[in-house]
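What follows is a set of notes on a single structure, which appears directly below.
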Amino acid sequence: MSEEEAQRYGGSAGGGGGGGIGALSVDLLGQVLDRVPEPRDRKACRLVSRAFARAEAAHRRALRVLRREPLPRLLRAFPALDRLDLSACASLDDASLAAALAGADLGTVRQVCLARASGVGWRGLDALVAACPRLEAVDLSHCVGAGDREAAALAAAAGLRELNLEKCLGVTDMGLAKVAVGCPRLQKLSFKWCREISDIGVDLLAKKCRELRSLDISYLKVSNESLRSISTLEKLEDLAMVCCPCIDDEGLKLLSTGSNSLQSVDVSRCNHVTSEGLASLIDGHNSLQKISAADSLHEIGQCFLSKLATLKATLTVLRLDGFEVSSSLLSAIGESCNNLVEIGLSKCNGVTDEGISSLVVRCSYLRTIDLTCCNLLTNNALESIADNCKMLECLRLESSTSVSEKGLERIATCCPNLKEIDLTDCGVNDAALQHLAKCSELLILKLGLCSSISDKGLRFIGSNCGKIVELDLYRCSSITDDGLAALADGCKKIKLLNLCYCNKITDSGLSHLGSLEELTNLELRCLVRITGIGISSVAIGCKNLIELDLKRCYSVDDSGLWALARYALNLRQLTISYCPVTGLGLCHLLSSLRCLQDMKMVHLSWVSIEGFEMALRAACGRLKKLKMLSGLKSILSPELLQLLQACGCRIRWVNKPLVYKDAI
């Protein structure tokens with residue numbers, strides 16, 4: 001057997017041995033890896049055998065890079081990539097991107113994400129388009145410096161089907177015209193917040209990109225004329241125009257004269273749109289599946305309700321957040337739209353038990369119900385939801401202060417598929433958590449401002465809700481280290497955890513959190529009893545930590561920063577405002593964390609001007625966002641501030657008095 005054949009089949013030439021895993025083909029091992037969804041499990045497979053490592057290299061389809069230094073090697077190591085994510089690649093700029101692409105074979109790459117990659121300009125995009133001949137999707141969202149030259153570079157990718165230019169603030173009609181002419185096969189396009197684009201650009205887009213199926217023009221100052229142009233797109237299915245102040249009912253009437261392909265429309269926060277306009281839109285598009293009109297409609301007329309009835313067979317999502325409702329209105333919606341799977345009534349006045357009961361009795365397929373700030377609801381509403389919506393997966397009840405463990409018991413008993421529940425500021429207690437612990441499929445649990453919850457309640461959750469990935473315990477002040485121990489023992493998959501103002505937690509509690517290997521976001525604001533010892537436990541155990549909030553942790557000093565600098569190598573966002581750290585600790589931190597991009601450091605009283613200067617110079621080129629005290633603006637070197645700005649860093653200057661708050 002040749003060396004090439006041995007490597008392909010995992011023979012001795014590859015160090016895999018003649019039997020076992022090493023005897024299996026790369027193709028077969030690749031199929032095995034395709035059935036391993038968790039990245040950490042795939043990594044374990046690679047460490048077990050070099051044969052698995054070869055198979056991973058040959059079959060890997062997606063790659064997310066956090067640092068620019070290994071990018072050239074990684075692109076060469078994985079020749080079969082389909083998706084490349086560079087959105088978190090610190091310090092990426094035109095030169096480093098072009099150099100990495102030069103030696104790589106990226107003929108299979110179809111999707112590239114460069115969201116927030118503010119250092120990449122038109123030269124880097126030119127190199128990307130040239131290196132990826134089969135490119136179909138690019139995400140350039142939140143690259144606020146991107147403009148018409150960047151759009152022109154992307155226009156050279158003639159096969160482009162999806163393009164996200166959200167918050168590319170420099171893009172004008174000229175840039176959009178380049179894209180429209182160069183990429184006629186576009187199917188999905190977002191230029192949300194690109195406020196320099198006008199009706200002229202939208203009109204040319206509609207004429208050139210006839211394949212468009214999804215379009216987002218939210219926050220643009222376009223007029224009804226843009227909707228006239230958009231109405232000619234025969235294949236358009238999804239249209240978002242959130243907060244377009246110049247669009248009104250006349251525009252929706254123009255839109256209704258177009259083809260009948262539209263399936264989803266979002267007119268949220270369009271203040272000049274009324275229910276009559278939506279009624280005319282429905283009249284022309286009788287296959288609508290999703291309607292979002294949050295914070296736009298002042299009232300719902302009978303005409304709109306009668307038109308909703310024509311969507312009885314198709315409408316599945318209806319969001320009407322922020323307006324006046326009545327029991328009779330909810331009853332009419334239930335009768336007209338009994339195939340709904342999602343209803344949004346957040347911050348709607350007039351939502352009562354009677355109204356919810358009349359709605360859900362007719363809408364038994366509901367999976368998502370948003371009742372945020374509907375504070376008239378009681379357990380009776382929950383009982384009606386539980387009895388009628390057996391497939392419920394998401395229930396949002398923030399600030400529903402009249403619900404209690406009785407109603408939640410019925411929800412937990414009758415809705416076994418519940419995956420998300422928001423009980424923020426509902427005042428629930430441990431008995432409620434005992435009932436919710438029956439929901440073994442629970443993924444997201446929000447309990448902020450529920451001060452009656454104690455360690456006992458967390459033990460219930462830890463005992464049976466092992467799939468939870470997000471837990472919010474903001475200001476649950478009765479929780480102690482024992483509760484965190486129970487939580488860490490039973491909920492190993494937690495990725496997002498909010499413990500802000502849980503002031504009884506100490507370093508001992510953080511030592512338990514160190515066992516949460518999948519934790520990515522941790523908020524510890526105003527935990528006055530934790531020190532660098534506890535931060536060390538978290539940094540050592542939570543290798544995947546991306547965001548950490550230590551604001552007003554008054555006992556976390558340089559020792560905590562040194563631990564983060566050594567162990568939290570994937571950290572991208574850090575808040576240390578009001579912490580007693582010094583310039584030495586800050587400089588060491590910023591020079592060590594190569595992935596750190598977002599830093600909030602207000603009122604670091606122990607850091608000198610020289611300390612700030614050294615620390616910021618150490619991280620220049622990587623930082624994208626900074627938050628600092630406005631008094632530093634006139635003291636720091638102008639040359640340093642210009643350098644940060646040139647590297648794509650946005651600085652938010654704040655003027656806040658130095659006030660030390662208790663953890664209450």
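The values are calculated or read from the model by the stated rules, or taken from the named source; none is laboratory data. Keep in mind the model is a prediction, meaning the values are calculated, not measured. Here the Cβ is made from the backbone with ideal geometry for all residues, glycine too, and neighbour counts use every protein chain on show. We work out accessible area using only protein heavy atoms, side chains counted, and drop any ligands, DNA or RNA first. Shrake-Rupley method; radii C 1.70, N 1.55, O 1.52, S 1.80 Å.
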Restricting to segment 599-612, count the residues that are out of contact with any Gly (no Cβ under 9 Å at 6 or more places or on another chain) and of a type in the set (Asp, Glu). 0
Of the conditions (1) open to solvent by 30 Å² or more (accessible area, probe 1.4 Å); (2) out of contact with any Leu (no Cβ under 6 Å at 6 or more places or on another chain); (3) part of a loop (DSSP other than H, G, I, E, B), TRP562 satisfies every one except a single condition; which number is it? (3)
Give me a count of the residues in segment 452-502 that are in a loop (DSSP other than H, G, I, E, B), within 23 Å of THR575 (Cα to Cα) and open to solvent by 40 Å² or more (accessible area, probe 1.4 Å). 5
All positions within segment 332-352 that are open to solvent by 30 Å² or more (accessible area, probe 1.4 Å) and either touching a residue at least 60 places away in the same chain (Cβ under 8 Å) or of a type in the set (Ser, Thr, Tyr) (or both): THR352
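Is it the case that VAL361 is open to solvent by 30 Å² or more (accessible area, probe 1.4 Å), β-branched (Val, Ile, Thr) and over 27 Å from the mean Cα position of the chain (by Cα)? I'd like the intermediate steps shown before the answer.
Numbers: open to solvent by 30 Å² or more (accessible area, probe 1.4 Å): yes; β-branched (Val, Ile, Thr): yes; over 27 Å from the mean Cα position of the chain (by Cα): yes.
Considered against the rule, which asks whether it is open to solvent by 30 Å² or more (accessible area, probe 1.4 Å), β-branched (Val, Ile, Thr) and over 27 Å from the mean Cα position of the chain (by Cα), VAL361 comes out as yes.
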So, of the residues in segment 179-196 that are in a loop (DSSP other than H, G, I, E, B) and within 26 Å of the chain's Cα centre (by Cα), which turns out to be surrounded by the fewest Cβ atoms within 10 Å (Cβ to Cβ)? ARG195
Would you be able to tell me the number of residues in segment 255-281 that are touching a helix residue (DSSP H, G or I) at 6+ places or on another chain (Cβ under 9 Å) and either touching a residue at least 60 places away in the same chain (Cβ under 8 Å) or open to solvent by 40 Å² or more (accessible area, probe 1.4 Å) (or both)? 5
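Let's see how each residue does on (1) within 22 Å of ASP82 (Cβ to Cβ); (2) surrounded by fewer than 20 Cβ atoms within 10 Å (Cβ to Cβ):
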position	(1), (2)
THR108	yes, yes
LEU128	yes, no
ALA157	yes, no
ASN164	yes, no
CYS168	no, no
Can you find even one residue in segment 501-517 that is within 15 Å of ILE468 (Cα to Cα) and touching an Asp or Glu at 6+ places or on another chain (Cβ under 7 Å)? no
Output the residues belonging to segment 225-247 that are surrounded by fewer than 19 Cβ atoms within 10 Å (Cβ to Cβ) and farther than 20 Å from ARG161 by Cα. GLU225, CYS243, PRO245, CYS246
Of SER537, SER555, the only residue that is farther than 22 Å from ARG67 by Cβ and under 28 Å from the mean Cα position of the chain (by Cα) is SER537
Run LEU29 past the list (1) assigned to a helix (DSSP H, G or I); (2) surrounded by fewer than 19 Cβ atoms within 10 Å (Cβ to Cβ); (3) out of contact with any strand residue (DSSP E or B) (no Cβ under 9 Å at 6 or more places or on another chain) and report the number of the one that doesn't hold. (2)
Report every pair of residues separated by at least 6 positions or lying on different chains whose Cβ atoms are under 6 Å apart, first residue within segment 595-610 and more than 21 Å from PRO657 (Cβ to Cβ) and of a type in the set (S, T, N, Q), second outside any strand (DSSP E or B) and open to solvent by 20 Å² or more (accessible area, probe 1.4 Å). GLN597/ARG572; GLN597/LYS624
Looking at LEU629, is it farther than 19 Å from ALA565 by Cβ, out of contact with any Asp or Glu (no Cβ under 9 Å at 6 or more places or on another chain) and not acidic (Asp, Glu)? yes
Looking across segment 85-133 at residues that are at pLDDT below 95, among the charged types (D, E, K, R) and farther than 16 Å from ALA153 by Cα, the single one that is farthest from the chain's Cα centre (by Cα) is ASP105
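Quick check, is ARG54 at pLDDT 80 or above and either in contact with a Ser or Thr (Cβ under 7 Å, 6 or more places away or on another chain) or open to solvent by 80 Å² or more (accessible area, probe 1.4 Å) (or both)?
On the way: at pLDDT 80 or above: yes; either in contact with a Ser or Thr (Cβ under 7 Å, 6 or more places away or on another chain) or open to solvent by 80 Å² or more (accessible area, probe 1.4 Å) (or both): no.
Criteria not met by ARG54.
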Index of the failed condition, LEU252 passing every other in (1) crowded, with 24+ Cβ neighbours inside 10 Å; (2) under 24 Å from ALA155 (Cβ atoms); (3) more than 30 Å from the chain's Cα centre (by Cα): (2)
Could you please tell me which pairs satisfy a Cβ distance under 8 Å, a separation of 6+ or placement on different chains, a first residue in segment 308-330 that is in contact (Cβ under 8 Å) with a residue 24 or more places away in the chain, and a second residue that is among the β-branched types (Val, Ile, Thr) and assigned to a helix (DSSP H, G or I)? LEU308/ILE282; LEU308/ILE333; THR310/ILE282; LEU311/ILE282; LEU318/ILE333; LEU330/ILE356
Does segment 282-294 contain any residue that is open to solvent by less than 10 Å² (accessible area, probe 1.4 Å), out of contact with any Ser or Thr (no Cβ under 7 Å at 6 or more places or on another chain) and over 20 Å from THR372 (Cα atoms)? no
If I filter segment 606-620 for residues that are in contact with a strand residue (DSSP E or B) (Cβ under 7 Å, 6 or more places away or on another chain), crowded, with 19+ Cβ neighbours inside 10 Å, at pLDDT 95 or above and farther than 24 Å from ARG68 by Cβ, do I get at least one hit? no
Output the residues belonging to segment 197-208 that are of a type in the set (Val, Ile, Thr) and either surrounded by 18 or more Cβ atoms within 10 Å (Cβ to Cβ) or touching a Phe, Trp or Tyr at 6+ places or on another chain (Cβ under 6 Å) (or both). ILE197, VAL202
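Looking only at segment 144-169, which residues are part of a helix (DSSP H, G or I) and out of contact with any Gly (no Cβ under 7 Å at 6 or more places or on another chain)? Quick ask: steps written out before the conclusion?
As a first pass, look at segment 144-169 and keep what is part of a helix (DSSP H, G or I): 148-155.
ARG149, ALA153, LEU154 - these are the residues of segment 144-169 that are part of a helix (DSSP H, G or I) and out of contact with any Gly (no Cβ under 7 Å at 6 or more places or on another chain).
How many of the residues in segment 403-424 are open to solvent by less than 60 Å² (accessible area, probe 1.4 Å) and not in a helix (DSSP H, G or I)?
Let us first name the residues in segment 403-424 that are open to solvent by less than 60 Å² (accessible area, probe 1.4 Å), namely 403-404, 407-408, 411-412, 414-415, 418, 420-424.
Retained after the next criterion (residues that are not in a helix (DSSP H, G or I)): 403-404, 415, 418, 420-424.
Number satisfying all stated conditions: 9.
Give the residue, chosen from ARG269, ARG210, that is outside any helix (DSSP H, G or I), within 26 Å of the chain's Cα centre (by Cα) and charged (D, E, K, R). If you could, list the steps in order and put the result at the bottom.
Values: ARG210 fails: within 26 Å of the chain's Cα centre (by Cα).
Exactly one residue qualifies, and that residue is ARG269.
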Inspect all residues belonging to segment 64-81 and state whether any of them is buried (at least 17 other Cβ atoms within 10 Å of the Cβ), in contact (Cβ under 8 Å) with a residue 60 or more places away in the chain and of a type in the set (A, V, I, L, M, F, W, C). yes
Near pairs, Cβ below 6 angstrom, 6+ apart or cross-chain, from segment 542-571 (closer than 16 Å to VAL602 by Cα) to any residue that is open to solvent by 30 Å² or more (accessible area, probe 1.4 Å) and not in a loop (DSSP other than H, G, I, E, B): ASP549/GLU523
